[in-house]
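Worksheet for the structure shown next.
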Amino acid sequence: MKIIKALALGTALALPMAAMAEAPRITVTGEGRVDARPDIATITLGVTTEGATAAEAMSGNSAALQTVLDRLKGAGVEDRDLQTSGLSLNPNWTQADNAAPTISGYIASNVLTVRVRAIDSLGGVLDAAVSDGANTLNGVTFDLADPAPVLDEARKLAVADALARARLLAEAAGVGLGDILSISEGGAAEPPRPMFRMDSAAVGVPVAGGEVSRSASVTVEFAIDQPE
């Protein structure tokens, strides 16, 4: 008999939990986006040289790259913002009609990633690079040195958007909006970073930084206060 009472008590305790799990609720997703002026730029440039031998190609490449590095440092770029991101040495194959391929020389390539922390000096940095040895320019991207404050503002906007949507839905459904049951953040979206505009590789390279964006997404679950 005692066992039966215990089972009955257990069932009674389980019912409110099941009812709570099935309580009506509203789930909405809010979006927030903040645009800001970039304060840092990243350039990817390189030096490509040819030589009759591998040593000659590499030696010429190293000398040309050192000149580029010296000019970049003279333009205000710090050592911590210079990083080799690619280095290659390959034979230059040529093939005449109906003949076996032969090596006519070697091609050395060195790719450098450069961060520019003063956007106003970017045009001068580009000019310094391409006027003294850099013959490959793969582009420039703009970003924020510290994106956290901008992303936090985007999160606040996302939560406000979720609250506004939930209130609208509750009003349209004729119910009251209850307490927040849960909040979860989705992946922060980062739109493509704007590329620089370059009309020529001459002195005074024109650069347009534009704006960069940070976006946030949150999903909020509300209880519904139903009229009795």
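The values are calculated or read from the model by the stated rules, or taken from the named source; none is laboratory data. Computed from a predicted structure; not experimentally measured. When we count neighbours, we look across all protein chains shown, and the Cβ atoms used for this are built from the backbone with ideal geometry, even at glycine.
For the range 169-212, taking the residues that are charged (D, E, K, R) and surrounded by fewer than 12 Cβ atoms within 10 Å (Cβ to Cβ), the one that is modelled with the lowest pLDDT is identified as ASP199. Scanning the range 73-116 for residues that are within 30 Å of VAL140 (Cβ to Cβ), loosely packed, with under 15 Cβ neighbours inside 10 Å and not acidic (Asp, Glu) yields a count of 12. Residues in the range 86-142 that are in contact with a Phe, Trp or Tyr (Cβ under 8 Å, 6 or more places away or on another chain) and free of Cβ contacts under 8 Å to residues at least 12 places away in the same chain: PRO101, THR102. Restricting attention to the range 5-59 and to residues that are of a type in the set (Lys, Arg) and either in a strand (DSSP E or B) or on the phi > 0 side of the Ramachandran plot (or both), the residue that is modelled with the highest pLDDT turns out to be ARG33.
Among the residues of the range 60-89, those identified as within 32 Å of the chain's Cα centre (by Cα), over 17 Å from SER131 (Cβ atoms) and of a type outside the set (A, V, I, L, M) are ASN61, SER62, GLU78, ASP79, ARG80, ASP81, GLN83, THR84, SER85, GLY86, SER88. Scanning the range 123-164 for residues that are among the β-branched types (Val, Ile, Thr) and within 15 Å of the chain's Cα centre (by Cα) turns up VAL140, THR141, VAL150. Scanning the range 87-105 for residues being modelled with pLDDT under 90 and either within 13 Å of LEU65 (Cβ to Cβ) or assigned to a loop (DSSP other than H, G, I, E, B) (or both) gives a total of 7.
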